[in-house]
Amino acid sequence: MIRKATLLAVLSTALLAPMVATTPGTAAATTRTSTAASARQGLSLTVSAVTPEWAKSRADVIKISGTIRNDTGAALSQLSVRLRYSSQRLPDRAAIETYLADQTDATLPGQVSSQSSVSVATLAAGASMPWEFTLTPAQLLLSSFGAYPIAVEVMQQSWPRLAVQRTLLTYAPPTQPKLPRNRLAVVLPVIDQPHRADDGTFADDKLGAALTGKGRLADLARIARTAPPTVTWFVDPALLDDVNAMVKGYRVATAKSGEETRPANAEAAQWLADMRSALAAPPVVATPYADPDVTGLVHQGLDALTGRALELGAQKASELLRPGVQTSVNWPPNGLIDADALDALAVGKGSAQVRKVLLNATNLPLQSATSTTTSTPATAGTPATIPAVTPDAATTLDTVNGPVTALVADAGLSRTFEPGGSTSTVLSRQRFIAETATIAAEPGQTRPRSLVVAPSRRWDPNPTLVSSLLKTAGSLPWLTLTPLDSIKPAKTRTPRAGLTYTDADRKEELGGKYLDPIKTAWEKAQLTSLITTDKRVSSFDAAVLRLASSAWRNQTRAGRAVTRTVDGKVQAIMNKVSITGADPDRLLTLAGSNGVVPVSVKNTMSDEVTVDVEVTSNNPRLLRVERLPSNRLVIGGDGQSGTLQVPLTASPSGSGDATVTVQLRTSDGQAYGKPVKLTIRTTGYTGIALVIVGAALTVMLAAVVTRVLRRRSQRRLARAARTRESETV
């Protein structure tokens, strides 16, 4: 009796759970299949194949297959797997979104196929069973080109359904007139989190794991090897730079020992070789180095850093990937930009000039209000409404440096390329086919339109899903795959409202609190370059740009830690050019009313430096610094020193200690390092002192004359005595 009661309780829970899961108040907020819900209930339903993927005629034989699995803990009996359908096609993309997102009975297809049903007498606990339906468009009464809703459900006698799986079936017979073949550009990002602090030290050791096995970068390499040559790749040169740094032995910062040495990483070398091979032919766009937060930098007055990121990105992509990588297309973080940041990108020169931007649909919305609201709430970067007619992807924006082409990614199609919950590859592919077919059949279209697919920048791709969608896109008769660079604004453009950048968007940026220390480190790093005689490029440019990466938007604490590390490295280099003999307890003496005091500068950098020495008296009444013909020193590297003889004049009214401030400056006048104070002890002579000295000199002179005269008198007397003596003899 107890066993029967337990079994009844288990069955009741399993059977009544769907009633709770499908109430209107619990409808899903985003597109989900019922696989996840049914798995929680204990009975899982999977659609594993739809062949062919779309039907071309009413007589085409379509097979839909999958499995059901019983994880309720008890056997289930008298089950029925059956197909629901509708002979009315979904009118637009908004209807597709609503159908797949709304998990209530109200949106389920109303017709049940009498020919597509599988009965299951008993399904044991833990057991799985395959099912398959064979049908034709004629049996489903499909009559015109478009996407139709279908659903597979599992029923048990008179109980509510135990599980349901929604999907779409596309019917594509020949049409008159022939449908235009829309052009689809697929953009795939190869962008990662910066991993190095300065060029010689990694801040973490996570990159190696991402390059191997099931790591996301390893998955990207797998996709690149099989992707069609029309796919456009956005590659961050900083990622290539980080991987290249691992090819030889490298150092990693650790909490215990400070830094540890790692051996050369063979997997890094292989990944880099694979990407060079896979991306040798398809179009590749280099992001600015380290994918910086462009809008954040511009809003904090760091436009120059953005320009340097564009230049360095082009240089590194050419060195590490291949020559000729594009740099004139920019994909801002989250596809969002404002007019100020767009102007900053457009005014560059050469490789630092941007002529196209890839944007999110929310950043450049349609001007007209003709859109259909879906039942799916808006999410970050996703429009709350779906246009009744899908607009062309290309338009033009005005900037201070002329027009720039804006390419708007289609949010719905882009989402199909990203793994979402338990959505299978089959269901994602069926949705992609249905949406693109619906776009092709939208009313009023007479010319092919351009569409852009761009998954989120730091996505974690499913190689099977992406490769399957790319293969399918290349086979659809209403699509033509094309490189991103080939998409240009049409003669007749869909009116758009202009750049829309909200306060919420601005809050996502790296703000002043985060960027101010980076600005300080950048300015100091530039000084280490300007002080060298040949004005070579700062060796810290790449490190500072990695600090400004948009990847730190949600990781500012980690970013600040790396910033402190880089700033310390920059300061250590600056300290290699310093004023010597600046000990506050050490006095320099000016012996007399005027004279020179040596100021020495030591250079322990490896490069020769040119430095101007500025000396200012802090008490001009007591001590005056005279004008020098030149205050410039050129000092060789590796510990050499240079000395400037500084002429000083002390006040004649007395002696004492005075201070002067010594500031090193670059040849263009920028202060280098902190100013240093030197204490000068003056010993100037007063008027009385001069009289005393004069009298002392007179006395000394008289004494000398008297001594000379006495010696002469003594010599005369001696000669006279010798004369008398000789006469006597």
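The values are calculated or read from the model by the stated rules, or taken from the named source; none is laboratory data. Everything numeric here is computed off the predicted structure, so don't read it as measured data. Neighbour counts run over all protein chains shown; Cβ positions are idealised from the backbone, glycine included. Surface areas here come from the heavy atoms of the whole protein model, side chains and all, with no ligands, DNA or RNA. Shrake-Rupley method; radii C 1.70, N 1.55, O 1.52, S 1.80 Å.
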- Determine how large the accessible area of Thr167 is when every protein chain is in place; take a 1.4 Å probe and give Å² rounded to the nearest 10. 10 Å²
- Note on the structure: Quick calc, Asn554 & Ala266: beta-carbon distance into FRET formula, R0 41 Å, rounding 0.05, result 0.80
- Query: What whole-number value in Å² describes the accessible area per residue of the stretch 60-143 for a 1.4 Å probe?
  - Reply: 42 Å²
- Message: Calculate the FRET efficiency for Ala671 and Lys256 from the Cβ-Cβ distance with a Förster distance of 45 Å, rounded to the nearest 0.05.
- Response: 0.70
- Task: Report, ordered by chain and residue number, the lysines lying within cross-link reach of Lys214, taken as a straight Cα distance under 21 Å and ignoring same-chain residues fewer than 8 apart.
- Result: Lys206
- the stretch 207-266 and the stretch 116-161 have their Cα centres apart by a whole-number Å value of 45 Å
- With +1 on the Cβ of every Lys and Arg and -1 on the Cβ of every Asp and Glu, the dipole magnitude of the stretch 394-473 about its Cα centre, in debye rounded to the nearest 20, is 180 debye
- Straight-distance crosslink candidates among lysines, where the alpha carbon sits under 24 Å from Lys602 and sequence neighbours closer than 8 are dropped: Lys524, Lys535, Lys569, Lys576, Lys674, Lys677
- Note on the structure: Any residue on another chain or 5+ positions along whose placed amide H is under 5 Å from the amide H of Leu359 is listed here as Leu407, Val408, Ala409
- Item | Calculated FRET efficiency for the pair Asp460/Asp71, C-beta based, R₀ 25 Å, to 0.05 | 0.40
- Item | Under 5 Å, built H, 5+ apart or other chain: amide partners of Leu590 | Arg681, Thr682, Thr683
- Item | Approximate spin-label separation Lys535-Arg506, in nm, with each point projected 7 Å along Cα-to-Cβ | 3.7 nm
- Sorted by chain and number, the residues with a modelled amide H under 5 Å from that of Val646, at a separation of 5 or more or across chains, are Val597, Val599
- Query: So which lysines can Lys491 reach, going by Cα to Cα under 29 Å and dropping same-chain residues fewer than 8 places off?
  - Reply: Lys178, Lys349, Lys356
- Message: Once ligands and nucleic acids are excluded and a 1.4 Å probe is used, how much of Asp340 is accessible, expressed in Å² to the nearest 10?
- Response: 90 Å²
- Query: What accessible surface, in Å², does a 1.4 Å probe find on Lys524, ignoring ligands, DNA and RNA and rounding to the nearest 10?
  - Reply: 40 Å²
- Task: Compare Arg621, Arg553, Arg493, Arg196 by solvent-accessible area with a 1.4 Å probe and give them largest first, with all protein chains kept in place.
- Result: Arg621, Arg493, Arg553, Arg196
- Message: What distance in nm lies between label points placed 7 Å from Cα along the C-beta direction at Thr616 and Asp343?
- Response: 3.5 nm
- Surface accessible to a 1.4 Å probe, per residue, for the residues of the stretch 392-524, Å²: 42 Å²
- Could you look at the stretch 484-610 and say what percent of its accessible area is carbon and sulfur, using a 1.4 Å probe and all protein chains? 49 percent
- Message: Quick check: with the 1.4 Å probe, what order do Arg546, Arg89 take by accessible area, largest first?
- Response: Arg89, Arg546
- Restrict the search to the stretch 122-193; then list the trypsin sites (Lys or Arg not before Pro) that DSSP places in a loop and that have at most 10 other Cβ atoms within 10 Å of their Cβ. Lys178
- Query: What is the distance, in nm, between label points placed 7 Å from the Cα along the Cα-to-Cβ direction at Val596 and at Asp657?
  - Reply: 2.6 nm
- Return the sequence-ordered ³J(HN,Hα) values of the stretch 520-529 in whole Hz as given by the Karplus equation 6.51 cos²θ - 1.76 cosθ + 1.60 applied to θ = phi - 60°, using x for Gly and Pro. 5, 5, 5, 5, 5, 5, 5, 5, 5, 8
